[in-house]
Amino acid sequence: QVQLAESGGGLVQPGGSLRLSCAASRPGFSILAMGWYRQAPGKQRELVATISSSGNTDYADSVKGRFTISRDNAKNTVYLQMNSLKPEDTAVYYCNTSPQPGWGWGKGTLVTVSS
């Protein structure tokens, strides 16, 4: 079973930055599109960023221009650089395949944006 381990979350002030990481524990990662999802309290989980196996990226309108997704296939890791964070970015962030989550979910990493 694929294990996904997200890390890098924390408490940050509005306007701040964080970099999230997600390590996948199985080979084959490099041929799949990956995405970052988030789930805010009381809301459904949503896809916010996608990166294809070749590095093409796409973003939800709510994060476009502020978030950057990247990947290191040698390390089976996908990253999410988050800048200009807003309180509405507060959520648990997860990674999974994209555009549909095809693997079991990891524990996620909590991002809290608050002054």
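The values are calculated or read from the model by the stated rules, or taken from the named source; none is laboratory data. Since the structure is predicted, the reported quantities are computational estimates derived from the model, not experimental observations. Note: accessible area is taken over every heavy atom of the protein model, side chains too, but ligands, DNA and RNA are not part of it. Shrake-Rupley method; radii C 1.70, N 1.55, O 1.52, S 1.80 Å.
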*In whole Å, how far is the Cα centre of segment 43-69 from that of segment 10-28?*
13
*How high is the relative contact order of the chain, in percent, with contacts defined as C-alpha pairs under 8 Å that are six or more residues apart?*
38
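Can you pull the semi-axes for segment 23-88, root of five times each eigenvalue of the Cα gyration tensor, sorted largest first, whole Å? Present the calculation step by step, with values, prior to reporting the outcome.
On the way: eigenvalues 102, 35, 21 Å².
Ellipsoid half-lengths, sorted descending, are 23, 13, 10 Å.
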*Solvent-accessible surface (1.4 angstrom probe) belonging to Arg71, in square angstrom, nearest 10*: 40
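Rounded to the nearest whole Å³, what is the per residue volume of the convex hull around the Cα atoms of segment 1-57? Walk me through the numbers before you get to the answer.
Details: hull volume 6.7 nm³, N = 57.
Roughly 118 Å³ of hull volume per residue.
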*Under 23 Å from Lys86, Cα to Cα: lysines that are on another chain or at least 8 residues apart*: Lys43, Lys64, Lys107
_Shape metrics for the chain, restricted to C-alpha atoms - Rg then Dmax, Å_ = 13.1, 41
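I'd like the antiparallel share, as a percent to the nearest 5, of DSSP beta bridges with both residues in the chain. Can you show the working numbers first?
Details: 33 of 36 bridges.
Antiparallel bridges: around 90 percent, rounded to the nearest 5.
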